[in-house]
Amino acid sequence: MILRNPNGLSHAVVALLAGNAAFDVLLATFELRFLLADAATDFFDPAVFGTLDLNVAYSFAYMVYVATGIVFLVWFYRLRKNAEVWAGDLQGRKPGWAIVGWLVPFVNLWMPRGIAADIWRASRWQPYAADEARELTLLNAWWTFWVSSMVVGGIATQLYKRAHTAEAYITASSWSLAGYVLDIAAAVLAILFVRRLTSMQHAKATGMIPATQ
């Protein structure tokens, strides 16, 4: 098995996550201004949101989200393959699950977190040592906010689909705003997690990966 340098991918993932957070801030601002507007009929009023087309904003946000997901999966898979070199017997799932686990509904709410924890343990200096107190706090915090944002965002989507009154739109918008806030926190924590885990693998692999990679 050959170790692969994850540094370049990590930079791309961090940049894309930052882009996601930026769009979340923008879209959260839309939701907040809507909640502060006089009525739900003002939702697409240029006086409330300026000249920026909401559909354009959502389209760009979606493209960045998809790009982030693809690059993140490649990065995550590469780290999982590296973990196989250091402590393959500690990995509870085959490498393919580092990708598939994110794509299966409901399974993606718990399995990737376990794979990430296994990668973390293999990437530290002593893979077989017991976990230190609060060692996985960053991972757990990121995962909690990410799952929460997914759940809240899903609720907001369903509320928007069923909304027919101003009050219903306000309720849906409130949930949507909460989802964006949670997603922003998750993105920031994800950036910290990506940087930390990449740094751990790079430090452990120093001298083992050719400088040209």
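Between residues in the stretch 85-99 that are closer than 19 Å to residue 127 by Cα and outside any helix (DSSP H, G or I) and residues that are at pLDDT 95 or above and hydrophobic (A, V, I, L, M, F, W, C), which pairs lie under 8 Å by C-beta distance while being six or more apart or on different chains?
Within 8 Å, the pairs are 91/83; 91/115; 91/119; 91/122; 92/115; 93/111; 93/115.
Do you know which residues across the stretch 1-26 are part of a loop (DSSP other than H, G, I, E, B) and over 18 Å from residue 203 (Cα atoms)?
Answer for the stretch 1-26, where residues must be part of a loop (DSSP other than H, G, I, E, B) and over 18 Å from residue 203 (Cα atoms): just 1.
Tell me the residue from 199, 174 that is closer than 30 Å to residue 5 by Cα and among the polar types (S, T, N, Q), please.
Matching residue, one of 199, 174: 199.
Take the residues in the stretch 172-195 that are of a type outside the set (Phe, Trp, Tyr) and more than 15 Å from the chain's Cα centre (by Cα), then tell me which one is nearest to residue 118 (Cα to Cα).
178
Taking the condition over 28 Å from residue 7 (Cα atoms) and in contact with a helix residue (DSSP H, G or I) (Cβ under 8 Å, 6 or more places away or on another chain), does residue 181 pass? Give the steps one after another, and end with the answer.
Details: over 28 Å from residue 7 (Cα atoms): yes; in contact with a helix residue (DSSP H, G or I) (Cβ under 8 Å, 6 or more places away or on another chain): yes.
It is true that residue 181 is over 28 Å from residue 7 (Cα atoms) and in contact with a helix residue (DSSP H, G or I) (Cβ under 8 Å, 6 or more places away or on another chain).
Name the one entry in 41, 29, 51, 68 that is in a helix (DSSP H, G or I), more than 22 Å from residue 164 (Cα to Cα) and modelled with pLDDT under 90.
Every option except 29 fails the conditions.
Assuming residue 137 fulfils every condition listed in (1) free of Cβ contacts under 8 Å to residues at least 12 places away in the same chain; (2) touching a helix residue (DSSP H, G or I) at 6+ places or on another chain (Cβ under 9 Å); (3) not small (Gly, Ala, Ser) apart from one, which condition is it?
Result: residue 137 fails condition (2) only.
Looking only at residues in the stretch 85-142 that are over 19 Å from residue 75 (Cβ atoms) and touching a Leu at 6+ places or on another chain (Cβ under 8 Å), which one is surrounded by the fewest Cβ atoms within 10 Å (Cβ to Cβ)?
So, considering only residues that are over 19 Å from residue 75 (Cβ atoms) and touching a Leu at 6+ places or on another chain (Cβ under 8 Å), the one surrounded by the fewest Cβ atoms within 10 Å (Cβ to Cβ) is 128.
Which of the residues belonging to the stretch 151-168 are in contact with a Phe, Trp or Tyr (Cβ under 8 Å, 6 or more places away or on another chain) and among the β-branched types (Val, Ile, Thr)?
Matches in the stretch 151-168: 152, 155.
Just the residues that are in a loop (DSSP other than H, G, I, E, B) and over 16 Å from residue 198 (Cα atoms), please, taken from the stretch 100-125.
Passing the criteria: 104, 105, 106, 110.
Working only within the stretch 126-144, note down all residues that are in a helix (DSSP H, G or I) and under 11 Å from residue 193 (Cβ atoms). So that I can check it myself, show each step before the final result.
Filtering the stretch 126-144 down to residues in a helix (DSSP H, G or I) leaves 137-144.
Hits for the stretch 126-144 are 137, 138, 139, 140, 141, 142, 143.
The values are calculated or read from the model by the stated rules, or taken from the named source; none is laboratory data. The model shown is predicted, which means the values in this text are computed figures rather than measured ones. So basically every Cβ, Gly included, is an ideal-geometry build from the backbone, and we count neighbours across all protein chains shown.
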